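**Q** My questions will all concern the structure given below.
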Amino acid sequence: MEISAKKRILSGIQPTGTFTLGNYIGAVRNWGLLQQEYDCIYMIANMHAITVRQNPADLRRQSREAAALLLACGIDPQKSIVFVQSHVPAHAELSWVLSCNTQFGELSRMTQFKDKSARHADNVNAGLFTYPVLMAADILVYNADLVPVGADQKQHLELARNIASRFNNAYSDTFTVPEPYIPKTGARIMSLQEPDKKMSKSDTNVNSFILMLDEPDAIRRKFKRAVTDSEGAVYASEEKPGVTNLMSIYSVFTGKSFEEIQREFEGKGYGEFKDAVAQSVIDVFSPIQNEYRRILADKNYLDGVLKAGAEQASRIANKTCAKVYKKVGFLQL
Ligand code: ATP
Ligand code: LTN
């Protein structure tokens, strides 16, 4: 990637399982679309993943699978940098310095920490607590201008912005203060079973989420079972979270507005609506699944992409880290 005047984007996704429809709509889908306009850096966040206990063999395999799925979604390694977080040590190095510029109280307010420590009460480790500092390091080490994520990551981004400004004030201008890029439709895709909860791949009920690698039959079945309401009319409203969620999904995949969708299904039941939503998802995911299988089978190619990505990323990250080490007064020999 040549040096250009384009703004820089960084984002990450954890290799904790196959991506859900929520990950795709809220984040990954936009990553591909943004490549034309920005210099993009996309990371498999395997260091974030171990804040929750992982099976080592699964984590290793899922890291390659996550990379293959990103490429299958249209992320082009000729245009963007794709790499695995642990291959670039500067993230961990910067994270330590930033953690000394982050307050305990700030981290205590993070809602994801509160949620995850309640869900994994037997393993409330220090990494789970300092997770947002590592995320800030991921972003600031590249001086990213923009960070495309779903709405659940907004609080972590606010923290990254605060850490950047605080460091700049204490040690002179060093970091770009990043802006969140959160899509208008689909920033928070909800569980198909409990539409007041976000769709999450770690949910124990498999009917609550659609995975990007689900077979067409599974996709149809899960949408058929999706919780709606007893009214039987397709329109968006706060009182109809299930139907509204399905409308958001259909809108993203067909490009139709909520008004158009409402008109399309006027006088028709939820059965027909759900079938149409399922088909719109299948039409987009099927070609991605074929491409995924092709890329995953070519291990040499995939590893080559990740190796080149780590080298490109390291070049940028090491420069920032050296600058920071100097500014905080670490002895240079
Ligand atoms: P987990 O359930 O294991 O915590 P996750 O499904 O939230 O994982 P992440 O790797 O933490 O996945 O998130 C990757 C990206 O997907 C982030 O940008 C996040 O904001 C986005 N995302 C996750 N869930 C949703 C959702 N339900 N709707 C929209 N975006 C989402
Ligand atoms: N915490 C993020 C994943 C992530 C990330 C990042 C996103 C790790 N580092 C840097 C944007 C920028 C999540 O989605 N759970």
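Values in this text are rule-based calculations from the coordinates and carry no lab data. Owing to the predicted nature of the structure, the values given are computational and were not obtained by experimental measurement. Methodologically, a virtual Cβ is constructed for each residue, glycine included, from the backbone with ideal geometry; neighbour enumeration extends over all protein chains shown.
**Q** With only Lys, Arg, Asp and Glu charged, each at its Cβ (+1 for the first two, -1 for the last two), find how big the charge dipole of segment 175-270 is about the Cα centre; round to the nearest 20 debye.
**A** Dipole size: approximately 260 debye.
**Q** Let me check the size of segment 136-179 from its C-alpha atoms; what are the radius of gyration and Dmax in Å?
**A** Here Rg and the maximum Cα pair distance are 10.1, 31 Å.
**Q** Measuring from centroid to centroid over Cα atoms, what is the spacing of segment 15-42 and segment 57-127 in Å?
**A** Segment 15-42 and segment 57-127 have Cα centres separated by 15 Å.
**Q** For Lys154 and Glu260, calculate 0.36 nm times their separation in residues minus their Cα-Cα distance, and state this gained length in nm to one decimal.
**A** Here the answer is 35.2 nm.
**Q** Roughly speaking, what is the centre-to-centre gap between segment 245-290 and segment 154-196 when only Cα atoms are used, to the nearest Å?
**A** 30 Å
**Q** About the Cα centre, and with charges only on the beta carbon of Lys, Arg (+1) and Asp, Glu (-1), how big is the dipole of the chain? Nearest 20 debye, please.
**A** 860 debye
**Q** Any chance you could list the semi-axes, whole Å, largest first, of the equivalent ellipsoid that the Cα gyration tensor gives for segment 1-91, using √(5λ)?
**A** Its equivalent ellipsoid spans semi-axes of 23, 15, 11 Å.
**Q** Something else about it: Please work out whether segment 253-333 counts as rounded, prolate or oblate from its C-alpha gyration tensor, where a ≥ b ≥ c are the square roots of the eigenvalues and a/c under 1.5 means rounded, while otherwise a/b larger than b/c means prolate and anything else oblate?
**A** It is oblate, given that a/c is not under 1.5 and a/b is not larger than b/c.
**Q** If you take the beta carbon distance between Asn168 and Ala233 as r and set R0 to 51 Å, what does 1/(1 + (r/R0)^6) give as a FRET efficiency, to the nearest 0.05?
**A** 0.45
**Q** Say we join alpha carbon atoms closer than 10 Å with springs in a Gaussian network model of the chain; which of Gly309, Gly269, Gly150 then has the biggest fluctuation?
**A** Taking springs between Cα atoms under 10 Å, the residue moving most is Gly269.
**Q** Where does each of Arg188, Arg225 land when they are ranked from fewest to most other beta-carbon atoms within 10 angstrom?
**A** So the residues, fewest neighbours to most, are Arg225, Arg188.
**Q** Is the C-alpha gyration tensor of the chain telling us rounded, prolate or oblate? Criteria: a/c under 1.5 is rounded; beyond that, a/b larger than b/c is prolate, otherwise oblate.
**A** Cα axes put the chain in the prolate bin.
**Q** Starting from the alpha-carbon convex hull of segment 225-281, give the projected area averaged over all orientations, in nm².
**A** For the Cα atoms of segment 225-281, the hull's average projected area reads 3.4 nm².
**Q** Using only Cα positions of segment 81-218, each an equal point scatterer, no hydration layer, compute I(q)/I(0) via Debye at q = 0.17 Å⁻¹ and quote the log10 values to two decimals.
**A** -1.07
**Q** Can you compute the charge dipole magnitude of segment 220-333 about its Cα centre, using +1 on each Lys and Arg Cβ and -1 on each Asp and Glu Cβ, nothing else charged? Give it in debye, rounded to the nearest 20.
**A** Computed charge dipole of segment 220-333: roughly 960 debye.
**Q** Which one of Gly26, Ala72, Ala90 is farthest out on the positive end of the charge dipole of segment 1-129, using unit charges on Cβ (Lys, Arg +1; Asp, Glu -1) and the Cα centre as origin?
**A** Gly26
**Q** From a point 7 Å beyond the Cα of Asn290 in the direction of its Cβ, which residues of segment 70-113 have a backbone N at a distance under 16 Å?
**A** The answer is 72-74.
**Q** Largest first and to the nearest Å, give the Cα extent of segment 46-143 along each principal axis.
**A** 42, 31, 21
**Q** Next question, about the same structure. Looking at the chain only, what percent of DSSP beta bridges run antiparallel? Nearest 5 please.
**A** So the antiparallel bridges amount to about 10 percent of the total.
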